[in-house]
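The values are calculated or read from the model by the stated rules, or taken from the named source; none is laboratory data. All values reported here derive from a predicted model rather than from experimental measurement. Glycine gets a Cβ as well: all are built from the backbone with ideal geometry, and neighbour counts include every protein chain shown. Surface accessibility is based on the protein's heavy atoms, side chains included, excluding ligands, DNA and RNA. Shrake-Rupley method; radii C 1.70, N 1.55, O 1.52, S 1.80 Å.
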Amino acid sequence: MAKVVILSGAGVSAESGISTFRDSGGLWEEYDVSLICQADSLDKNEDLTLDFYDKRRAELEDKQPNYAHKLLSELKKKYPQDIAIITQNVDNLFEKSGLDSNTEVLHLHGFLTQVRCRNYSCAQTFEIGYQKIESFNEGLCPTCQSKLRPDIIFFGEAAPMYERLSQEFSDCEFFVVIGTSGAVIGVNAMAQFTPNSILNNLEPSESIEASLFNKVLYEKASEAIAEIVEDIETYLGE
Ligand code: APR
Ligand code: ZN
């Protein structure tokens, strides 16, 4: 449980050159989400789905963390018990800025450089870096030889990490939202029941009631992050 929960979405990685989903020109404009990110996508459109994630994985290789990742990682290192860095993003930019993907940042929707065995009784995950899934052990699980899949949560699939989100949130006193439309994870209730809260997006989102937040910053994360970190440090220093 953390005093300060910082929930991020695609917007925190936008300035690193990684597409968001619902902004103009976003991924869900370019690709049909119902074909490649639904629970039945691997059964119905296996090649299209694997190709989509292979492309996004390969694109990740030259992407670098931005100032927002940097300041948030420093904040987590400074207050390891008081800060929870929770992201909907599947990129590894928090890791590239120095955070450990197992202990210091929580990925709610999976992790792009990992693959998972499709055999539920095995379900082992493997780190494959930026290569195509087919290039890793010919796309088969090294343990049980079943087919592998991206370790990404598709719409309609269980999201086991949401349990961790509610645990981290249980005694949250300061809630920060950075770069998410709130289309998937509802943030309004969390803001409503937290005494201190900051919303940072580029523009208002129909899924977020901005009036529930104590402070609203409609600007790039890299421009807002210093003020956000200063407010958090002031709060923790009290
Ligand atoms: N700085 C801050 N916020 C930004 C920036 C930026 N540079 N660029 C974009 N944003 C904001 C936009 O204003 C928008 O509110 O980031 C948000 C991006 O929203 P989405 O594209 O919907 O991304 P996200 O909220 O992360 O999507 C949630 O949906 O498709 C699923 O699993 C996928 O995790 C994803 C989830
Ligand atoms: Zn297996």
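Tabulated data
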read-out: Leu165 being surrounded by 14 or more Cβ atoms within 10 Å (Cβ to Cβ), part of a helix (DSSP H, G or I) and hydrophobic (A, V, I, L, M, F, W, C); value: yes
read-out: Hits in the range 55-64 - residues which are in contact (Cβ under 8 Å) with a residue 12 or more places away in the chain and more than 18 Å from the chain's Cα centre (by Cα); value: none
read-out: Residues (in contact with a Ser or Thr (Cβ under 6 Å, 6 or more places away or on another chain) and either in a helix (DSSP H, G or I) or under 11 Å from Phe155 (Cβ atoms) (or both)) located in the range 25-43; value: Leu27, Ile36, Ser41, Leu42
read-out: Test: residue in the range 174-194 that is in contact (Cβ under 8 Å) with a residue 12 or more places away in the chain and more than 21 Å from the chain's Cα centre (by Cα); value: yes
read-out: Criterion (outside any strand (DSSP E or B), more than 16 Å from ligand 2 (Cβ to nearest atom), open to solvent by less than 70 Å² (accessible area, probe 1.4 Å) and of a type outside the set (S, T, N, Q)) met by exactly one of Ala123, Ala159; value: Ala159
read-out: Residues within the range 140-155 that are touching a residue at least 40 places away in the same chain (Cβ under 8 Å) and either under 18 Å from the mean Cα position of the chain (by Cα) or within 8 Å of ligand 2 (Cβ to nearest atom) (or both), tallied; value: 6
read-out: The range 99-119: number of residues that are without any contact (Cβ under 8 Å) to a residue 40 or more places away in the chain and either within 21 Å of Asp47 (Cα to Cα) or not in a loop (DSSP other than H, G, I, E, B) (or both); value: 6
read-out: Residues of the range 1-24 classified as buried (at least 20 other Cβ atoms within 10 Å of the Cβ) and either assigned to a helix (DSSP H, G or I) or among the basic types (Lys, Arg) (or both), total; value: 4
read-out: Only listed residue being away from ligand 1 (no atom under 16 Å from the Cβ), of a type in the set (A, V, I, L, M) and open to solvent by less than 30 Å² (accessible area, probe 1.4 Å), chosen from Val177, Val115; value: Val115
read-out: Residues of the range 180-204 satisfying the condition of being open to solvent by less than 60 Å² (accessible area, probe 1.4 Å) and either part of a helix (DSSP H, G or I) or within 16 Å of ligand 2 (Cβ to nearest atom) (or both); value: Asn188, Ala189, Met190, Ala191
read-out: Residue within the range 86-94 that is more than 16 Å from ligand 1 (Cβ to nearest atom) and either closer than 29 Å to Asn66 by Cβ or open to solvent by 40 Å² or more (accessible area, probe 1.4 Å) (or both) present; value: no
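Yes/no matrix, rows are residues, columns are (1) farther than 24 Å from Leu148 by Cα; (2) without any contact (Cβ under 8 Å) to a residue 60 or more places away in the chain; (3) out of contact with any Cys (no Cβ under 7 Å at 6 or more places or on another chain):
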position	(1), (2), (3)
Leu35	no, yes, yes
Asp43	no, yes, yes
Asp47	no, yes, yes
Asn66	yes, no, yes
Tyr79	yes, no, yes
Asn89	no, no, yes
Asn92	no, yes, yes
